[in-house]
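One structure is given below, encoded as structure tokens.
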Amino acid sequence: MSLPQTYKALQAEGVDQPPKIVELPLPSPGKDQILVKVAFAPINPAEIATISGHIPVDPVPSPRFVSWEGSGIVVAVGEDLKLAHKVGDRVHIN
């Protein structure tokens, strides 16, 4: 499977800033990591409250990805993976 050079992500630049869709370089999985093509990524109420500043985060990382969980398919596997994931596996991200 040929992977693209970039991917799109929903990022928030700071508190009370509307999230934006950005295009970023696609990373290769590092040691003990997998790369997942995300199919679904919900935005839950805690994330909305954090982005809007109602739940303080110290320090506020900026920019930050908006969705903290999701599901998808493994598209690449890094070295020394401790779990038995392989390309094509469906996974949940949390």
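The values are calculated or read from the model by the stated rules, or taken from the named source; none is laboratory data. Predicted, not measured: the structure shown is a model, and the values here were computed from it. Ideal geometry is used to build each Cβ from the backbone, glycine not excepted, and the neighbour counts take in all protein chains shown. Surface accessibility is based on the protein's heavy atoms, side chains included, excluding ligands, DNA and RNA. Shrake-Rupley method; radii C 1.70, N 1.55, O 1.52, S 1.80 Å.
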Scan the stretch 25-37 and tell me whether some residue there is loosely packed, with under 11 Cβ neighbours inside 10 Å, of a type in the set (D, E, K, R) and without any contact (Cβ under 8 Å) to a residue 60 or more places away in the chain.
yes
Pairs with Cβ under 6 Å, 6+ apart, first in the stretch 1-18 and modelled with pLDDT under 85, second not in a loop (DSSP other than H, G, I, E, B)
ALA12/ILE51; ALA12/ARG64
I'd like to know if the stretch 30-42 contains one or more residues that are more than 17 Å from ASN94 (Cα to Cα) and under 16 Å from the mean Cα position of the chain (by Cα).
yes
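Has the stretch 43-54 got any residue that is in contact with a Pro (Cβ under 9 Å, 6 or more places away or on another chain) and either within 18 Å of HIS92 (Cα to Cα) or charged (D, E, K, R) (or both)?
Scanning the stretch 43-54 turns up at least one residue that is in contact with a Pro (Cβ under 9 Å, 6 or more places away or on another chain) and either within 18 Å of HIS92 (Cα to Cα) or charged (D, E, K, R) (or both).
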Within the stretch 70-89, identify whether any single residue is open to solvent by 100 Å² or more (accessible area, probe 1.4 Å), at pLDDT 90 or above and more than 12 Å from the chain's Cα centre (by Cα), and answer yes or no.
yes
Candidate set: the stretch 1-24, residues that are assigned to a loop (DSSP other than H, G, I, E, B) and small (Gly, Ala, Ser); chosen: the one most open to solvent (accessible area, probe 1.4 Å)
SER2
